[in-house]
Amino acid sequence: MGREIRVIAMAYHLQRIDWMPSPPLAPDDGPIDFEHLGRMTLGDAILEHEVLAMFAAQAVGLMRALAILPADAGELAHKLKGSARAIGAFQVADAAGGLETAVLNGDDPVEALAELKDAVEQARTAIDAILRRS
């Protein structure tokens, strides 16, 4: 009987806790995780737009450089991976990580580069749509 009381009391206690939502373990299916971006920019819409515009410009430059698969392709992919994670472009980050790994392992990077190109195009399309609305 004492055990039942403890379980009931514990269940009641858990119901009174104000739970803080955690970020999702896996971002949504869109090219940009806007909840993540909002957290990173502290909800400042102007800053969000500035960060998105900077990322789009950086991604164009890095993809142009990566197109010829230079000797520093792994470093360039790593840079793009970090920038993409910062704004919530997790598909770009994953694809950049795949290219980085392929280059570092000496694997053929052509397929990984194609996946990265596709992910960047999707992210840029989403970013362009957002920047046009403002």
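Residues in the stretch 83-101 that are open to solvent by 40 Å² or more (accessible area, probe 1.4 Å) and farther than 14 Å from Arg124 by Cβ: Arg85, Ala86, Phe90, Asp94, Thr101.
Of the residues contained in the stretch 33-44, one or more are found to be open to solvent by 60 Å² or more (accessible area, probe 1.4 Å), at pLDDT 95 or above and not in a helix (DSSP H, G or I). Quick one: in the stretch 107-130, which of the residues that are acidic (Asp, Glu) and within 18 Å of Ala53 (Cβ to Cβ) is most open to solvent (accessible area, probe 1.4 Å)? In this case the residue turns out to be Glu121. Being in contact with a Gly (Cβ under 9 Å, 6 or more places away or on another chain), open to solvent by 40 Å² or more (accessible area, probe 1.4 Å) and not basic (Lys, Arg) is the requirement here; does Leu104 meet it? Taking the combined requirement at face value, the residue satisfies it. Can you find a residue in the stretch 47-61 that is of a type outside the set (D, E, K, R) and assigned to a loop (DSSP other than H, G, I, E, B)? Scanning the stretch 47-61, I find no residue that is of a type outside the set (D, E, K, R) and assigned to a loop (DSSP other than H, G, I, E, B), so the answer is no.
The values are calculated or read from the model by the stated rules, or taken from the named source; none is laboratory data. Keep in mind that this is a model prediction, so the values were computed, not measured. Don't worry about glycine lacking a Cβ; one is built from the backbone with ideal geometry, like all the others, and counts go over all protein chains shown. With ligands, DNA and RNA removed, areas are computed over all heavy atoms of the protein, side chains included. Shrake-Rupley method; radii C 1.70, N 1.55, O 1.52, S 1.80 Å.
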